[in-house]
Amino acid sequence: MRVYLVGGAVRDRLLGLPVHERDWVVVGADPVELVRAGYQSVGREFPVFLHPETHEEYALARRERKVAPGYRGFTTQFSPDVTLEEDLKRRDLTINAMAETESGALIDPYGGQADLAARLLRHVSDAFVEDPVRILRVARFAARFATLGFRVAPETLALMRRMTDAGEVSALVPERVWQETERALGEAQPQVFFETLRTCGALAVIYPEIEALFGVPQPPRWHPEIDTGVHVMMALHHAASAGASVAVRFAVLTHDLGKALTPRAQWPSHHGHEPLGLEPLEDLTTRLKVPTAYRELAHLATLQHTLVHRALELKPATVLTLLENCDAFRRRERFAELLQACEADARGRAGRESEPYPQADYLREALAAAAAVVLREEERRGLAGPAIGQEIRRRRLAVISDLKARRAAPRPPG
């Protein structure tokens, strides 16, 4: 039995990056042998075992053969005579197809180290076309390593296009699409994930609602970048640069879906695109089974982002209604995420990446002031249930009005 460190741990060590988890391949053994040695079997579809002490994953070397469409259409063969090179050959990218011996010697049969130096994401073999999940993985790695200058090799992009044209992408199950997308949204440059998918044609299959935004013009006065799809990618990049949560990034990605439904005769104006965006958002999140928390924040961003942008010009009563409609008094953390998404939207525009966004500060102050309003016990006497709520709302409106007046008042000189 021989054990090798494989995959991301080898890649990241060579790149000088932190290694967060380690995976191992076992050659020359069978499941019975590992169980006898104290390993715990955890693989349902493949022979994967947990080390009795470190609890790291150890997988038996295996071969795969394509027998049906989709990422589940494989038969797997594992036996003591499967070689390390055969196991590495079934992997997606050369930079993920390297191994180390227990003494630290590098085994690199497919040129992964050279591709690391060249900053290339290149497929290991033509067997790449057999698994459509690899399209998503390549796009995700492109998003992860974009800051290091990595790019997808032209021949790998060509294979990804062939797979899309052959309908392989359509065979992906929603859960796996979302799993890879959620991970990609958390990468350093998540917009590269979607741009890569678009380059190979897969975005139109997986995310037709997002693909539809490209080529849709916006008013140059507000959007110097013009193209709605370009704007959404810029806004997503800003959200990631600001360290926003994945939920915020998803809300930024989907906040303008309604603009794809604006009649061409109205271009570049998009009046009423906010409610128009709710239906495609519902279609997308239902199809991919997006978690509820992501859906709710994306719904808020879609419907309310324009009103948040106009916060400084709104009447106090409209500001209070906005806070109420966003359930901001009960869910202050989610409202803070909404403001983050709106700020990314505002700054995701050509030449406006560093502009201030005072709307967020104003709405945070308005929420804090209004939330501090209370009715003491003696003030509640003589008031029925609805009347208590009305009085609290009246006082909240008064403090927001006072805040707006103070912000509008000229500051004394000096």
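The values are calculated or read from the model by the stated rules, or taken from the named source; none is laboratory data. These numbers were taken from a predicted model, which means no experiment stands behind them. When we count neighbours, we look across all protein chains shown, and the Cβ atoms used for this are built from the backbone with ideal geometry, even at glycine.
Some points to look at:
- Annotation note: Cβ proximity below 6 Å between a residue of the range 314-340 that is closer than 11 Å to Leu300 by Cα and a residue that is part of a loop (DSSP other than H, G, I, E, B) (sequence gap 6+ or interchain) occurs for Phe335/Cys326; Phe335/Ala328.
- Residues within the range 92-109 that are out of contact with any strand residue (DSSP E or B) (no Cβ under 7 Å at 6 or more places or on another chain) and surrounded by fewer than 22 Cβ atoms within 10 Å (Cβ to Cβ), tallied: 6
Here's the yes/no breakdown for (1) touching a Leu at 6+ places or on another chain (Cβ under 6 Å); (2) of a type outside the set (D, E, K, R); (3) closer than 22 Å to Phe141 by Cβ:
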{"residue": "Glu195", "(1), (2), (3)": "no, no, yes"}
{"residue": "Arg198", "(1), (2), (3)": "no, no, yes"}
{"residue": "Tyr207", "(1), (2), (3)": "no, yes, yes"}
{"residue": "Pro217", "(1), (2), (3)": "no, yes, no"}
{"residue": "Trp222", "(1), (2), (3)": "no, yes, no"}
{"residue": "Ala239", "(1), (2), (3)": "no, yes, yes"}
{"residue": "Ala247", "(1), (2), (3)": "yes, yes, no"}
{"residue": "Leu253", "(1), (2), (3)": "yes, yes, yes"}
{"residue": "His273", "(1), (2), (3)": "no, yes, no"}
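- Number of positions in the range 344-403 that are hydrophobic (A, V, I, L, M, F, W, C), within 22 Å of Leu236 (Cβ to Cβ) and in a loop (DSSP other than H, G, I, E, B): 1
- Among the helices (runs of 4 or more DSSP H) confined to the range 154-256, the ones with at least 1 residues that are at pLDDT 95 or above and closer than 14 Å to Leu288 by Cβ are located at 174-185, 190-199, 203-206, 208-211, 246-254.
- Residue check, Asp283 under 20 Å from His255 (Cβ atoms), touching a His at 6+ places or on another chain (Cβ under 8 Å), part of a helix (DSSP H, G or I) and in contact (Cβ under 8 Å) with a residue 24 or more places away in the chain: no
- Annotation: Gln218 fulfils all but one of (1) buried (at least 19 other Cβ atoms within 10 Å of the Cβ); (2) closer than 20 Å to Gln179 by Cβ; the unmet one is (2).
- The residue of the range 27-52 that is nearest to Asp87 (Cα to Cα), among those that are in contact with a helix residue (DSSP H, G or I) (Cβ under 7 Å, 6 or more places away or on another chain) and part of a strand (DSSP E or B), is Val27.
- Output for the range 82-110, where each listed residue is basic (Lys, Arg) and either on the phi > 0 side of the Ramachandran plot or part of a loop (DSSP other than H, G, I, E, B) (or both): Arg90, Arg91
- Asp256 vs. criteria crowded, with 21+ Cβ neighbours inside 10 Å and on the phi < 0 side of the Ramachandran plot: yes
- Residue in the range 325-334 that is of a type outside the set (Phe, Trp, Tyr), crowded, with 21+ Cβ neighbours inside 10 Å and either outside the structural domain of Asp256 (by TED's automatic domain parsing) or closer than 22 Å to Ala398 by Cβ (or both) present: yes
- Pairs, first in the same structural domain as Thr321 (by TED's automatic domain parsing) and more than 18 Å from Leu320 (Cα to Cα) in the range 376-396, second assigned to a helix (DSSP H, G or I) and modelled with pLDDT of 75 or more, C-beta under 7 Å, six or more apart: Arg380/Ile388; Leu383/Glu391
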